[in-house]
Amino acid sequence: MVKRVIVILLIGVLGLVSVSLAQKTEVIFWEAMEAKLGTTLQTITDLFNKENPNIEVELVFVGNGDQLDSKILAAAQAKTLPTIAQVYPAWAGSLVAQGVVTPVDSFADFSSVASQLYPSIIDMSKINGKIYTLPFNQSIYVLYYRPLMLQQAGINPPKTIEDLANDAKLLTVTQNGKTVRYGLGFRTTYGVLTAVARQFGGGKYITPEGSLIINSPQNVQALTFLVNLVKAGYAYAKYDYFDNELTTSSVAMLIGEGADLPFDLSDVAGQKDGLEMASFPVGISNQTSPLFRGQTLVIFNTATAEQQAAAWEYIKFLLTPAVQIYWAMNTNYSPLNKTVVGLDQWNLFAQSTAYNPSAIAEGLANGISYSETLPWWPSVIDNIRTAVENAVHFTMTPQQALDWAQQQSIIVQQKYLGK
């Protein structure tokens, strides 16, 4: 009799488990977070799954950002999209144009979530007047520096763009006519030019009306600033990362993204001189004007209504203050929830950490996205990157280089518009 009761109870329990499993909503998340970034995201996702027993978010690592974008665009054509994915802003625009993205402002409690985020975050998520995405892994451009080198030169981290130029000169070391240490290093990328151009009143390449302004006086002035530092021998520029230069201590300062920190710290491990961050030097506005670079989260309308609702719950969880603090502390991506900077946990972490993580959270209300949400914008990014390389390698003047990028990008735009 007792055995029979136990069997009946077990059947009942198994029945409840099968009902619970049947009610669990599966969310497939295609993402591009490598190494520690990936393990941190997995920890966050495991916690979400534990706190939401009716939802199961499965992370699917697809490769780096470009590989992920390519796979998503192919999946959109094949109608095999996941529930949610990370995408770069321009690719988000392409996916919206294909009609496969659910606007996040269509969810009933969107306004409550949006009120906790910096307005700049909401602005960069707008496409055709609607908010289709919300950013998650966003890094801003900062200035890295070797503190001992600055101390030996008797200077503090530069606060203005003029200070940056002067300090690059002071920190450059030559021996027997050969430069053994450059004061500044920077990558020849669209992002670096845009971050610098922001300080000259530029950094925008298209007007609200759709006219391209790549070769604006402000953008030319910014590129000239960088080229002059290279020409004077105070800066070293290349497209690749600066792993070797950090390991050999052959640069004193470096323009980079906040999320580069975990990789840069490993490059200087074991050296007497560590690595610290400072906010990007300010220009004519005299205020920190960050440039965000990273991916946004999209929910695909090819998923069921239940899956879309579950994905929205997951996005809300990712943007909560507690998760944003944990994410920032472990990845050096910027915290996007504006309440974070006022929390004791963040301030204690910022004050007690040697590399000055407060730099990744300064001026975020004034930030802009590095990219437009236009399907054809990746070609513009490539054109501007080529212009930067041509200018810093002296095959074109800054004016000629940006004139060329302007002309090439107009061709791309007109082709897209069918003109």
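Residue 315 falls short on exactly one of the conditions (1) closer than 21 Å to residue 69 by Cβ; (2) in contact with a strand residue (DSSP E or B) (Cβ under 9 Å, 6 or more places away or on another chain); (3) surrounded by fewer than 16 Cβ atoms within 10 Å (Cβ to Cβ); (4) not polar (S, T, N, Q), and that condition is (3). If you filter the range 118-174 down to residues that are among the charged types (D, E, K, R) and in a helix (DSSP H, G or I), you find that the one that is surrounded by the most Cβ atoms within 10 Å (Cβ to Cβ) is 167.
Only one entry of 28, 55 meets the criterion of being surrounded by 13 or more Cβ atoms within 10 Å (Cβ to Cβ), under 25 Å from the mean Cα position of the chain (by Cα), modelled with pLDDT of 95 or more and within 21 Å of residue 309 (Cβ to Cβ), and that entry is 28. For the range 351-390, the set of residues classified as outside any loop (DSSP other than H, G, I, E, B), hydrophobic (A, V, I, L, M, F, W, C) and crowded, with 18+ Cβ neighbours inside 10 Å consists of 359, 360, 361, 364, 377, 380, 381, 384, 387, 388, listed by residue number. Annotation note: Cβ proximity below 7 Å between a residue of the range 112-128 that is under 17 Å from residue 292 (Cα atoms) and touching a residue at least 12 places away in the same chain (Cβ under 8 Å) and a residue that is outside any helix (DSSP H, G or I) and basic (Lys, Arg) (sequence gap 6+ or interchain) occurs for 117/338; 118/338. Considering 230, 268, 220, 251, the condition of being more than 21 Å from the chain's Cα centre (by Cα), surrounded by fewer than 21 Cβ atoms within 10 Å (Cβ to Cβ), closer than 26 Å to residue 199 by Cα and aliphatic (A, V, I, L, M) is satisfied by 230 alone. In the set (1) among the basic types (Lys, Arg); (2) modelled with pLDDT of 85 or more; (3) out of contact with any strand residue (DSSP E or B) (no Cβ under 8 Å at 6 or more places or on another chain), the condition left unmet by residue 293 is number (3). Quickly run through the range 248-280 and pick out the residues that are under 18 Å from residue 290 (Cβ atoms) and among the aromatic types (Phe, Trp, Tyr). Answer for the range 248-280, where residues must be under 18 Å from residue 290 (Cβ atoms) and among the aromatic types (Phe, Trp, Tyr): just 280. Taking residues in the range 389-407 that are farther than 13 Å from residue 212 by Cβ, and partners anywhere that are among the polar types (S, T, N, Q), the pairs with Cβ atoms closer than 6 Å and at least 6 places apart or on different chains are 389/188; 392/188; 396/390; 398/224; 401/390.
The condition of being at pLDDT 95 or above and either touching an Asp or Glu at 6+ places or on another chain (Cβ under 7 Å) or of a type in the set (Lys, Arg) (or both) holds for only one of 71, 50, 79, 126, that being 50.
The values are calculated or read from the model by the stated rules, or taken from the named source; none is laboratory data. Worth saying up front: this structure is predicted, and the values here are computed from it rather than measured. We place every Cβ from the backbone using ideal geometry, glycine too, and count neighbours over all the protein chains shown.
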